[in-house]
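First, the structure itself, so that you have it in front of you.
The values are calculated or read from the model by the stated rules, or taken from the named source; none is laboratory data. The structure displayed is predicted, hence computed values, not measured ones. Reconstructed Cβ throughout: ideal geometry from the backbone, glycine too, with neighbour counts over all protein chains shown. What goes into the accessible areas is simple: the full protein's heavy atoms, side chains included, and nothing from ligands, DNA or RNA. Shrake-Rupley method; radii C 1.70, N 1.55, O 1.52, S 1.80 Å.
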Amino acid sequence: STSLYHVINRGSGKQIIFENDLDRRFFMSRLDSLLVEHEGSLLAWCLMDNHFHLLLDISFSDLAHLMHGLQTNHAGYFNRVHGHSGSLFGTRYKSEAVETDEYLMTLVRCIHENPRKAGAAKGLHYRWSSFDEYTGRPVHIDPSLVLSVFGSKNQFLLFHNASHDDDQCMD
């Protein structure tokens, strides 16, 4: 049984859930606190305007509590700050268990490529994803598990830069 989960959610009707960097900082700060509280760790992440991707190492029972707290807090903050009301997220988050090292590698690459594929970045360097934490100084993530699967930072970079068009990840 795994403790690795890919988690995504979108704004209701694809509405924006992060209007600015303050919104993103609030979300990441709350996520960091909840991970400590629930003894989990963040392995990869990406915040887009209307959705997010998280790769978490956490027990299944703690996942629901963490996500409830994260989304409830973010929705309350967002509605208060931006003068909105009602549901920010259209549905419950989606999650999938990550069972193999091969899928873990593919998933990390999918998460990091999301901004480029959406036209929000020219390459893999995007301010609101974990890619630069793997190549520089980790802030939100614990890179040890992912880098151990890749073998090294260099292998991580080679894999991310390798030609591939067939990555299949939950979206």
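Restricting attention to the range 1-54, and to residues there that are basic (Lys, Arg) and not in a strand (DSSP E or B), which single residue is modelled with the lowest pLDDT?
Going residue by residue through the range 1-54, those that are basic (Lys, Arg) are 10, 14, 24-25, 30.
In the following step, the residues that additionally are not in a strand (DSSP E or B) were identified as 14, 24-25, 30.
Numbers: Lys14: 87, Arg24: 98, Arg25: 98, Arg30: 98.
Ranking the candidates gives Lys14 first.
Restrict the check to the range 96-103 and report whether at least one residue is within 13 Å of the chain's Cα centre (by Cα) and among the small types (Gly, Ala, Ser).
No: the range 96-103 contains no residue that is within 13 Å of the chain's Cα centre (by Cα) and among the small types (Gly, Ala, Ser).
Between a residue in the range 102-121 that is in contact (Cβ under 8 Å) with a residue 60 or more places away in the chain and any residue that is β-branched (Val, Ile, Thr), which pairs come within a Cβ distance under 8 Å, given they are 6 or more apart or on different chains?
Once the first residue is in contact (Cβ under 8 Å) with a residue 60 or more places away in the chain and sits in the range 102-121, its partners that are β-branched (Val, Ile, Thr) give Leu104/Val98; Leu104/Val146; Leu104/Val149; Leu107/Val98; Val108/Val146.
Of the numbered conditions (1) in contact with a Leu (Cβ under 7 Å, 6 or more places away or on another chain); (2) more than 18 Å from Trp45 (Cβ to Cβ), Thr100 satisfies every one except a single condition; which is it?
The failed condition is (1).
Please go through the range 55-92 and pick out each residue that is without any contact (Cβ under 8 Å) to a residue 24 or more places away in the chain, among the hydroxyl-bearing types (Ser, Thr, Tyr) and assigned to a loop (DSSP other than H, G, I, E, B).
Result: Ser85, single match.
Do we have any residue at all in the range 146-162 that's open to solvent by less than 60 Å² (accessible area, probe 1.4 Å) and under 24 Å from Phe27 (Cα atoms)?
Yes: the range 146-162 contains one or more residues that are open to solvent by less than 60 Å² (accessible area, probe 1.4 Å) and under 24 Å from Phe27 (Cα atoms).
Taking the criterion of being modelled with pLDDT of 95 or more and either over 15 Å from Leu47 (Cβ atoms) or of a type in the set (Lys, Arg) (or both), would at least one residue in the range 157-168 satisfy it?
No; the residues of the range 157-168 include none that is modelled with pLDDT of 95 or more and either over 15 Å from Leu47 (Cβ atoms) or of a type in the set (Lys, Arg) (or both).
Then there is this: Being touching a residue at least 60 places away in the same chain (Cβ under 8 Å), polar (S, T, N, Q) and open to solvent by 40 Å² or more (accessible area, probe 1.4 Å) is the filter here, so list the residues in the range 2-19 that pass it.
Ser12, Gln15 - these are the residues of the range 2-19 that are touching a residue at least 60 places away in the same chain (Cβ under 8 Å), polar (S, T, N, Q) and open to solvent by 40 Å² or more (accessible area, probe 1.4 Å).
So for the range 93-111 (the condition being open to solvent by 30 Å² or more (accessible area, probe 1.4 Å), among the β-branched types (Val, Ile, Thr) and not in a helix (DSSP H, G or I)), does at least one residue qualify? Working first, answer last.
Step one: list which residues in the range 93-111 are open to solvent by 30 Å² or more (accessible area, probe 1.4 Å), which gives 94-97, 99-103, 105.
Still in the list and also among the β-branched types (Val, Ile, Thr): 100.
If we keep only those that are not in a helix (DSSP H, G or I) too, we end up with 100.
Looking through the range 93-111, at least one residue is open to solvent by 30 Å² or more (accessible area, probe 1.4 Å), among the β-branched types (Val, Ile, Thr) and not in a helix (DSSP H, G or I).
Considering (1) surrounded by fewer than 17 Cβ atoms within 10 Å (Cβ to Cβ); (2) in contact (Cβ under 8 Å) with a residue 12 or more places away in the chain, say which one Val36 fails and leave the rest.
(2)
Based on this model, can you work out whether Glu113 counts as of a type in the set (D, E, K, R) and either over 19 Å from Ile8 (Cβ atoms) or at pLDDT 95 or above (or both)?
no
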